[in-house]
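Novice: Quick one: structure below, then a few questions.
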Amino acid sequence: MKAVIFDMDGVLLDTESVCKICWSRAAGEYGIENIQDAFTKCVGQNTNDTMTVLEPYCNGKVEPKKFYERTSELFHVVENEVGLKLMPSVVECLDFLKSRNLRIAVASSTRFESVSRQLKNAGIIGYFETITTGDKVEHSKPAPDIYLKSVESLSLSPSECVAVEDSPNGVRAAVAAGIKCVMVPDQILPDDEMRKSAWRIINSLSELPPVISECL
């Protein structure tokens, strides 16, 4: 193994808990029901695919794009006022990988502008050799596009990489790209499908170093 590729939201940064609250608030404003079902389906997807999922939930009450823009407005208020927290053990984990001369990358469905800004503000952007984002591919997770592009950016093969994901869509994407995936659940607990698909399931990034050591 030569590289570890991280999802960002819910793995490196505690963004998904903020998003979940923002979606609930926006849904209340527009009178949308069952928005958490939609949120669960959209975790790990880019904007275009999210619009498709939102359409039946919005059900004519508001345009999906307008709803999504409102959730972004609410999110930016939180980001600007209090910032985004690192997930537990992120720095320690990244330092371990760096000490073992492993290459480190990000593969996130979020837009590049947001990913680069948030990683920079969190003080960890310097750890990552490449950043591949949802606005750079046609299809987001669970399609393998983002991971295939990330592997290509490193000039490696999928078998030389391990992915770290928190969501089912992310795990599906990594596996579809031929990459072993470690799942660190955040907002969505693993089901039978995830227990079969993920190479390992761990409770936090503090458990990642010994898992990675098995591949060295």
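The values are calculated or read from the model by the stated rules, or taken from the named source; none is laboratory data. None of the values given here were measured: they were computed from a predicted structure. As a convention, Cβ positions derive from the backbone with ideal geometry for all residues, glycine included, and neighbour counts pool all protein chains shown. Remember, those area values only see protein heavy atoms, side chains included, never the ligands or the DNA or RNA. Shrake-Rupley method; radii C 1.70, N 1.55, O 1.52, S 1.80 Å.
Novice: Can you tell me which of (1) part of a helix (DSSP H, G or I); (2) open to solvent by less than 70 Å² (accessible area, probe 1.4 Å); (3) in contact (Cβ under 8 Å) with a residue 24 or more places away in the chain is the one Leu84 doesn't meet?
Specialist: Failed condition: (1).
Novice: Consider Cys58 against the criteria (1) in contact with a Phe, Trp or Tyr (Cβ under 6 Å, 6 or more places away or on another chain); (2) surrounded by fewer than 19 Cβ atoms within 10 Å (Cβ to Cβ); (3) of a type outside the set (Val, Ile, Thr): it satisfies all of them except one. Which criterion is unmet?
Specialist: (2)
Novice: If I filter the stretch 3-34 down to residues being among the small types (Gly, Ala, Ser) and closer than 20 Å to Pro209 by Cβ, which single residue comes out as modelled with the lowest pLDDT?
Specialist: In this case the residue turns out to be Gly10.
Novice: For Ala163, indicate whether it is at pLDDT 95 or above, under 16 Å from Gly10 (Cα atoms) and among the small types (Gly, Ala, Ser).
Specialist: yes
Novice: I would also like to ask the following. For residues in the stretch 123-135 being buried (at least 18 other Cβ atoms within 10 Å of the Cβ) and of a type in the set (A, V, I, L, M), which is farthest from Ser153 (Cα to Cα)?
Specialist: Ile124
Novice: Another one. With Asp14, Asp9 as the choices, which residue is under 29 Å from Ser150 (Cβ atoms) and surrounded by 23 or more Cβ atoms within 10 Å (Cβ to Cβ)?
Specialist: None of the other options fit; the residue is Asp9.
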